[in-house]
Amino acid sequence: MTDPRRNRIKAALGVGASVLIAGLAFWVLYRTFQRISFAQVVDEMRNAHLNAVVAAAACAFGALFMLSLYEIVVVRFVKHSVGRAKAMITALITYPLGHAVGQAMLSGGALRYRMYTPIGFTAMEVGATALLCNLPYALGFGLLFDIALVTSADALSPLFKISAAWVFALGCIGLAKDAGYVIFVWLRKAPIRIGGWSVSMPTMRLTLLQLVIGIVDVILVSSVLYLLLPKSAGLAYLPFLAVYLASVLVGILSHVPAGLGVLESMLLLLLPEVPPAELLASVLLYRVVYEILPLIFSLALWGGYELLADDGARMRLMRPSAVLRSLARARAQRRRAGDERPTIDRSE
């Protein structure tokens, strides 16, 4: 089978799987709303405790602030002598927008390209930055999910409809995978080459930092929903975490932006004991606190940046000659560097 044909088949299968997952999710929601009314959901949202909502909002914005601090580390790792304010503003814009649009690696990469190329980043350096910024969530997600499977196998068995032994075994396999990645980073010194791309592995120190950032990020984000759950859920945190991460994973696989509808459907299936109106009210509040409020903040910050910053859209239109000089300086820097590959220092 020729490569173009194989690629078309893979693309078709991927689209088909996404459509199937999204279709099943919306069918579950449709069946749920045949048993309850949207007015019931709104009433449950109004009855939410203010303290829980405030605590959930603190978790959401705490996670965003922590990721912005991590972006400063990554930017200075990829390209030295870059100011902290630029990286922090970029993170505060990129993370909420990337989550809302979906495909965070691509959408976040495009936004970072817009923000970092005026200060001399090459396309390869932007790609390396986007990859390093997305790694913590993936690492923390996998590690916490595996820990939850191992430590809460008995509680998760009836929810996942498989035996506790299988849940435990899956968690152990996952933990072996997590340990394998850390060992690989520790032993691998040469860059990884994929086609014409060459990407250096992060240092061990940066990898451990990514694990810490990822774990704290996942805990804070999952706590947003956990704090908003009704008392009828009656779940300890670790079993809830496994249910939440499994639901988020299906949402990611569906390629639906922010897993809209998919997350709700998975939670309805995995938490059948929770009254649907109460559960949907909690998830809607979670979306408001974790997605809508940060998105509004991100859009306002982006608009202010484009209006006021020296390399914002308004100043670029008003001073095209300054933009040309900036681009010329960036090209001169790349020529002095000798090549277009990201200059990542592996020394600790």
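The values are calculated or read from the model by the stated rules, or taken from the named source; none is laboratory data. Keep in mind that what you see is a predicted model, and the values were worked out from it rather than measured. Ideal geometry is used to build each Cβ from the backbone, glycine not excepted, and the neighbour counts take in all protein chains shown. Accessible surface areas use protein heavy atoms only, side chains included; no ligands, DNA or RNA. Shrake-Rupley method; radii C 1.70, N 1.55, O 1.52, S 1.80 Å.
In segment 91-117, what residues are over 17 Å from residue 73 (Cα atoms), open to solvent by less than 40 Å² (accessible area, probe 1.4 Å) and among the hydroxyl-bearing types (Ser, Thr, Tyr)? Passing the criteria: 107, 117.
Mind listing just one residue for me: the one in segment 285-311 that is within 22 Å of residue 219 (Cβ to Cβ) and open to solvent by 60 Å² or more (accessible area, probe 1.4 Å) and, of those, modelled with the highest pLDDT? That would be 297. For beta carbons closer than 7 Å, sequence separation of 6+ or different chains, a first residue in segment 86-113 that is within 18 Å of residue 300 (Cβ to Cβ) and modelled with pLDDT of 85 or more and a second that is basic (Lys, Arg) and not in a helix (DSSP H, G or I), there are no qualifying pairs. Only residues that are modelled with pLDDT under 80 and surrounded by 10 or more Cβ atoms within 10 Å (Cβ to Cβ) were counted across segment 36-51, and they come to 9. Of the residues making up segment 168-188, those that are more than 24 Å from the chain's Cα centre (by Cα) and at pLDDT below 90 number 3.
Residue pairs whose Cβ atoms lie under 6 Å apart, separated by 6 or more positions or on different chains, with the first residue in segment 219-237 and open to solvent by 60 Å² or more (accessible area, probe 1.4 Å) and the second of a type in the set (Phe, Trp, Tyr), are 226/240.
Among the residues of segment 118-135, is there at least one that is modelled with pLDDT of 85 or more, open to solvent by 40 Å² or more (accessible area, probe 1.4 Å) and either part of a loop (DSSP other than H, G, I, E, B) or over 22 Å from residue 296 (Cα atoms) (or both)? Yes, some residue in segment 118-135 is modelled with pLDDT of 85 or more, open to solvent by 40 Å² or more (accessible area, probe 1.4 Å) and either part of a loop (DSSP other than H, G, I, E, B) or over 22 Å from residue 296 (Cα atoms) (or both). Scan segment 252-278 residue by residue and report those that are in contact (Cβ under 8 Å) with a residue 40 or more places away in the chain, open to solvent by 20 Å² or more (accessible area, probe 1.4 Å) and either of a type in the set (Gly, Ala, Ser) or in a loop (DSSP other than H, G, I, E, B) (or both). Listed by number, the residues that qualify are 255, 256, 258, 273, 275.
Sort through 249, 170, 241 and tell me the only one that's open to solvent by less than 30 Å² (accessible area, probe 1.4 Å) and part of a helix (DSSP H, G or I).
241
Within segment 140-163, being assigned to a helix (DSSP H, G or I), open to solvent by less than 30 Å² (accessible area, probe 1.4 Å) and within 27 Å of residue 212 (Cα to Cα) holds for 140, 141, 142, 144, 146, 148, 149, 153, 156. Checking each residue in segment 78-90 for being surrounded by 19 or more Cβ atoms within 10 Å (Cβ to Cβ), of a type outside the set (Val, Ile, Thr) and part of a helix (DSSP H, G or I) picks out 86, 87.
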